[in-house]
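The values are calculated or read from the model by the stated rules, or taken from the named source; none is laboratory data. Since this is a predicted model, take the numbers as computed values, not measurements. For neighbour counting, all protein chains shown are included, and Cβ atoms are generated from backbone atoms with ideal geometry for every residue, glycine included. Ligands, DNA and RNA are excluded from the accessible area calculation, which covers all protein heavy atoms including side chains. Shrake-Rupley method; radii C 1.70, N 1.55, O 1.52, S 1.80 Å.
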Amino acid sequence: MAGEGEKKPVLEMVQADGADEGSVTFVLHDEDHTLGNSLRYMIMKSVDVEFCGYTITHPSESKINFRIQTRGGLSATEPLRRGLNELSSVCQHVLSTFQARVSEFKERQEQPME
């Protein structure tokens with residue numbers, strides 16, 4: 001366990017002895033269903049991914065066991081990286097769209113009524 005001065009890793013990679021790089025379990029600390037389900041959806045859109053799923057180990061623990069299995073010898077880290085980048089882009093789009101609509105709404109509220 002990390003001491004007071006040490007930072008706990010955000011992401012750990014767990015791989016069985018002798019397993020290929022295409023079957024990996026990632027442990028994401030300080031995360032819950034919000035990231036788990038969204039990321040699983042983004043990763044499963046890839047045709048190179050055979051399986052992607054996650055579990056929350058216990059309701060009192062804030063960590064996810066995230067499993068990815070790929071086809072064709074592709075490393076499981078690639079779909080994870082791609083999924084995180086795509087999810088970040090979607091979130092950025094939602095945020096910018098929301099902020100634009102809030103600005104438009106505020107401008108309409110400031111205009112005098114006729």
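Let's see how each residue does on (1) assigned to a helix (DSSP H, G or I); (2) at pLDDT 95 or above; (3) out of contact with any strand residue (DSSP E or B) (no Cβ under 9 Å at 6 or more places or on another chain):
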position	(1), (2), (3)
Glu6	no, no, yes
Met13	no, no, no
Ala16	no, no, no
Ala19	no, no, yes
Thr34	yes, no, yes
Identify all residues within the stretch 17-34 that are without any contact (Cβ under 8 Å) to a residue 40 or more places away in the chain and not β-branched (Val, Ile, Thr); write none if there are none.
Asp17, Gly18, Ala19, Leu28, His29, Asp30, Glu31, Asp32, His33
Which ones in the stretch 66-75 are under 18 Å from Ser38 (Cβ atoms) and either in contact with a Phe, Trp or Tyr (Cβ under 6 Å, 6 or more places away or on another chain) or modelled with pLDDT under 95 (or both)?
Phe66
Could you grab me the full set of residues in the stretch 91-114 that are under 30 Å from Tyr41 (Cα atoms) and either open to solvent by 70 Å² or more (accessible area, probe 1.4 Å) or among the aromatic types (Phe, Trp, Tyr) (or both)?
Cys91, Gln92, His93, Val94, Leu95, Phe98, Gln99, Arg101
The number of residues in the stretch 36-61 that are in contact with a Leu (Cβ under 9 Å, 6 or more places away or on another chain) and assigned to a strand (DSSP E or B) is 3
Against the condition of a type in the set (Gly, Ala, Ser) and surrounded by 15 or more Cβ atoms within 10 Å (Cβ to Cβ), how does Gly18 come out, does it pass?
no
Please give the number of the condition Gly72 fails out of (1) within 21 Å of Ala16 (Cβ to Cβ); (2) within 17 Å of the chain's Cα centre (by Cα); (3) loosely packed, with under 12 Cβ neighbours inside 10 Å; (4) not charged (D, E, K, R).
(2)
Subset of the stretch 45-79, residues in contact with a Ser or Thr (Cβ under 9 Å, 6 or more places away or on another chain) and without any contact (Cβ under 8 Å) to a residue 40 or more places away in the chain, comes to Ser46, Asp48, Val49, Glu50, Phe51, Cys52, Ile56, Lys63, Ile64, Glu78, Pro79
